[in-house]
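Each reported figure results from applying straightforward, stated rules to the coordinates on display, with no laboratory input. In this text, all values refer to a predicted model and were calculated from it rather than measured experimentally. Heads up, the Cβs are rebuilt from the backbone with ideal geometry, glycines too, and the neighbour counts pull from every protein chain shown.
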Amino acid sequence: MRPVTAEIITIGDEILFGQITDTNTQWIGAELSAIGVRTVRKSSVGDQRAAILSILSEAEQRADIVILTGGLGPTKDDITKTTLCEYFNTGQAIHPEALVFVTEFFQKRGRELTEINKLQASLPLNATYLPNTRGTAPGMWFYERGTVFVSLPGVPHEMKGLMTDEVLPRIKSTFPLPVIHHKMLRTIGIGESFLAERIEAWEDALPSHIKLAYLPSMGMVKLRLTATGESLEVLQAEANAEIAKVLPLISTYVYGYDSDEIEDVVARLLRESGHSLAIAESCTGGYLSHLITKIPGSSAYFQAGVVSYSNAAKMNTLDVQSATLENYGAVSEPTIREMAEGVRERFGTTFGLATSGIAGPDGGTTEKPVGTIWIALASPEQTITKKLTLGGDRPQNIHQTALSLLNLLRKVLVGLPLD
């Protein structure tokens, strides 16, 4: 079966100028992939007639489906609709159903339907009307010269509604699509190249209809298996069988599957074990506590978070000894040990976690350069400390430190060997 291909085009000067973040293409690409459509290109163009006409012509040659978002507002700078009319060499007219909808939309809100807003109901003559129940700009579906063109508003929640309610069902009924099954393994604490080396033989032996992709991010690598065939049940079974083969090679690094985040996994382990947690943070400034408490139900195991940024706070709140700070400094193994043990004892929890370091971009020394971080975990049995040597980017250092400590807690909770 020949793959069905798509191209996604976002329209708007505000995207090119960096004034808004384009989240539409990522979401659309994921939804298309889930139904078996392969996205071959993603592009952004400004509100320029010539640029839009050019990218439409190029996309038509590359893809079976061309999806556009943006430029459908009622103001003069929104030119997508008129440019589509020029591209298809057609005119536009008020669509009766669209006019009824936009009229009722304003009436329900006690607002007058102006002539400008009335133009929202004007559509190219060759367009199929796609009702937008979340806004005033309707979607449009075109089938021209063997290619499907879809034009959607750029507002994310409106675009998503139209894709879910109208576009995806139409694509599935228009094109013969394969069955695709994605399965994700999430790893932490191992780099992409080292991971690839460990699983090379397994990867080489994968069946031709199951593809592997490496998706690295800070401190993590996701392994995505994509299986293509005719039966979802068969593909699921095959993907699970391949996972069973690779797990013995990387089990200590696999923390979850599919949509699992490390904080979700740690939260589940804490709930299941009945253990409790308190955190003392210095260089992470409360970020680790944020990751923990953003999980619903975290009050069942999370007792307290202390941001002990200054030496005085470390001594007064966590009972860190002044001599420890004077002799070793705040960024040191003795200090981080006392922080973790102090927060655990103060709040009577099973575990005490602690962070202290030089997150940057300044504050480093020859002995302790930027990126020098200490983390610790105190439990009834032992206190584990670890030194991290990171880079010079402050947000990355904060994030990486939090991930490292969550992974350390995960390993302790499931009884894995420590590095």
- Task: Provide the packing ranking of 109-116, 263-270, i.e. peptides ordered by the mean count of other C-beta atoms within 10 Å per residue, highest first.
- Result: 263-270, 109-116
- Global geometry of region 334-384, whether rounded, prolate or oblate, following the gyration tensor of its Cα atoms and the 1.5 cut on a/c: prolate
- Note on the structure: Around LEU195 (Cβ within 12 Å, Cβ-to-Cβ, excluding LEU195; K/R +1, D/E -1) the net charge comes to -1
- Please go through the residue pairs LYS108/LYS172; LYS81/LYS108; LYS172/LYS294 and name each one whose alpha carbons sit more than 32 Å apart in this structure. LYS108/LYS172; LYS172/LYS294
- Note on the structure: Within the under-13-Å Cβ sphere about ILE384, not counting ILE384, Lys/Arg +1 and Asp/Glu -1 give a net charge of +2
- Report, in degrees rounded to the nearest 10, the 0 to 90 angle that the Cα long axis of helix 96-108 makes with the longest principal axis of the chain. 50
- Computed about the Cα centre, the charge dipole of region 210-280 from +1 Lys/Arg and -1 Asp/Glu charges at the Cβ has a magnitude in debye, to the nearest 20, of 240
- Taking the Cβ of PRO74 as the center, what net charge do the other residues with Cβ under 11 Å away carry, scoring Lys and Arg +1 and Asp and Glu -1? 0
- Item | Nearby aspartates and glutamates by direct alpha-carbon distance to LYS368 (threshold 17 angstrom, same-chain neighbours under 8 apart not counted) | GLU326, GLU333, ASP393
- Message: Ranking request for peptides 411-418, 24-31, 340-347, 219-226: highest mean number of other beta-carbon atoms within 10 Å first, then the rest in descending order.
- Response: 340-347, 219-226, 24-31, 411-418
- Message: Compute, for region 76-139, the length of the dipole vector about the Cα centre, with Cβ point charges of +1 (Lys, Arg) and -1 (Asp, Glu) only. Units Debye, rounded to 20.
- Response: 220
- Cross-link pairs LYS387/LYS411; LYS211/LYS245; LYS160/LYS211; LYS42/LYS160 - those with Cα-Cα distance over 19 Å: LYS160/LYS211
- Of all DSSP beta bridges having both residues in the chain, the percent classed as antiparallel (nearest 5) is 60
- Item | Distance between region 177-216 and region 312-333 - C-alpha centres, whole angstrom | 45
- Message: So if I take the centroid of the Cα atoms in region 247-277 and the same for region 355-407, what is the distance between those two points in Å?
- Response: 21
- Task: Convert each backbone phi in region 56-71 into a coupling constant with the Karplus relation 6.51 cos²θ - 1.76 cosθ + 1.60 (shift: θ = phi - 60°), then list the ³J(HN,Hα) values in order as whole Hz, x for Gly and Pro.
- Result: 5, 5, 5, 5, 4, 6, 9, 10, 7, 10, 10, 10, 10, 10, x, x
- Query: For region 303-364, what does the alpha-carbon gyration tensor say about shape, rounded, prolate or oblate, given a ≥ b ≥ c as the root eigenvalues, a/c under 1.5 as rounded, and a/b over b/c as prolate?
  - Reply: prolate
- Message: Run the reach check for LYS222 against aspartates and glutamates, Cα to Cα strictly under 16 Å, same-chain hits fewer than 8 apart removed. What comes back?
- Response: GLU192, GLU197, GLU200, GLU203, GLU242, ASP258, ASP260, GLU261, GLU263, ASP264
- Value of D in µm² per second that Stokes-Einstein yields for region 161-215, Kirkwood Rh from Cα pairs, at 20 °C (1.002 mPa s): 146
